[in-house]
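Values in this text are rule-based calculations from the coordinates and carry no lab data. Here the structure is a predicted model, which is why all the values come from computation and not from measurement. Cβ placement follows ideal geometry from the backbone for every residue including glycine, while neighbour counts extend to all protein chains displayed.
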Amino acid sequence: MALGIKDVGLEKCIYCGACFRYCILGVYSDLDGMELKSLVSGVTRIARKGYRSGRDDRIKELLERCTLQGYCDKVCPAMVKPFLRNEIAKKRIKEGE
Ligand code: SF4
């Protein structure tokens, strides 16, 4: 059975930003002025509630840098599954476009 949003463990997230800060690709060192916490909040909101074209465009652009390498799961201190969160958010963006 495919894993879903309930399997991510979002309720445990402390919004520390490690999942993006320590991305193995290094693509989140510059967020074009966005705070890491805002990026985590935005991606989490999209994964939970869907993509709002226009309002979520900056989050979408930043999430496009993620190629789902999965290293984020290893650095999360709270046992969340940010890989799955990002995967679900990417799907919801595709659905909402
Ligand atoms: S998913 Fe984990 S690493 Fe990412 S912000 Fe939440 S607690 Fe931090």
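Based on what the data block shows, is Arg52 more than 14 Å from the ligand (Cβ to nearest atom) and touching a residue at least 40 places away in the same chain (Cβ under 8 Å)?
Yes: the conditions hold for Arg52.
Determine, yes or no, whether Cys19 is farther than 15 Å from Lys94 by Cα, outside any loop (DSSP other than H, G, I, E, B) and in contact (Cβ under 8 Å) with a residue 40 or more places away in the chain.
yes
Can you tell me how many residues within region 4-33 are farther than 13 Å from Asn86 by Cβ, hydrophobic (A, V, I, L, M, F, W, C), more than 8 Å from the ligand (Cβ to nearest atom) and surrounded by fewer than 16 Cβ atoms within 10 Å (Cβ to Cβ)?
So the answer is 1.
Would you be able to tell me the number of residues in region 50-78 that are acidic (Asp, Glu) and surrounded by 14 or more Cβ atoms within 10 Å (Cβ to Cβ)?
Of the residues in region 50-78, 2 are acidic (Asp, Glu) and surrounded by 14 or more Cβ atoms within 10 Å (Cβ to Cβ).
Could you tell me which residue of region 69-97 is farthest from the chain's Cα centre (by Cα), considering only residues that are near the ligand (Cβ under 8 Å from one of its atoms) and part of a helix (DSSP H, G or I)?
Val75
Restricting attention to region 28-46, does a residue exist that is of a type in the set (Val, Ile, Thr), touching a residue at least 40 places away in the same chain (Cβ under 8 Å) and part of a loop (DSSP other than H, G, I, E, B)?
No, region 28-46 has no match at all.
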